[in-house]
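Just so it is clear, none of the values below were taken in a lab; they were calculated from the coordinates. Not measured: the values here are computed from a predicted model. Positions of Cβ are backbone-derived with ideal geometry, glycine not excepted, and every protein chain shown enters the neighbour counts.
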Amino acid sequence: MFIQIIQGRCSRQEEMRAALDRWRTECEPTADGWLGGTYGFTDDGMFVGVVRFESAEAASRNSQRPEQDRWWNETRGLFDGDAEFHDCRDVSLMLGRGSDDAGFAQSVR
């Protein structure tokens, strides 16, 4: 497994959420090796995303797709400055291979 951490200051949170929703419909269906992701905003306006791929090679292939490149070129402008990327090849898993279902069993108030 390979994970990539993306972080950067983002004051345009609603627009970023819409861009992430757009990624799910436009890019995710053909993202080879995509396993899932977790995204959020800190109280002081920092966007943090952790995305999981089967391998670093799958993540690299995803980055080279035209639809991914188009999406990123539109989305990176939502950050207040540059976004940072951290690639992690040394990954430890807890409770299986990771899940995007965390918290969905609980009702949100």
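Overview of values
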| read-out | value |
| --- | --- |
| Gap separating the Cα centres of the range 15-34 and the range 38-64, nearest whole Å | 11 Å |
| Hull-based mean projected area of the chain, where the convex hull spans the alpha carbons, in square nanometres | 7.6 nm² |
| MRE, 222 nm, helices only [DSSP H, n ≥ 4, -39500 (n - 2.57), over the chain, to nearest 500] | -9000 deg cm²/dmol |
| Summed side-chain charge close to Arg9 - residues other than Arg9 whose Cβ falls under 13 Å, Lys, Arg +1, Asp, Glu -1 | -3 |
| Whole-Hz couplings from phi, Karplus 6.51/-1.76/1.60, listed for the range 47-54; x for Gly and Pro | 7, 10, x, 10, 10, 10, 10, 4 |
| Total formal charge among the other residues, if their Cβ is under 15 angstrom from that of Leu78, Lys/Arg +1 and Asp/Glu -1 | -1 |
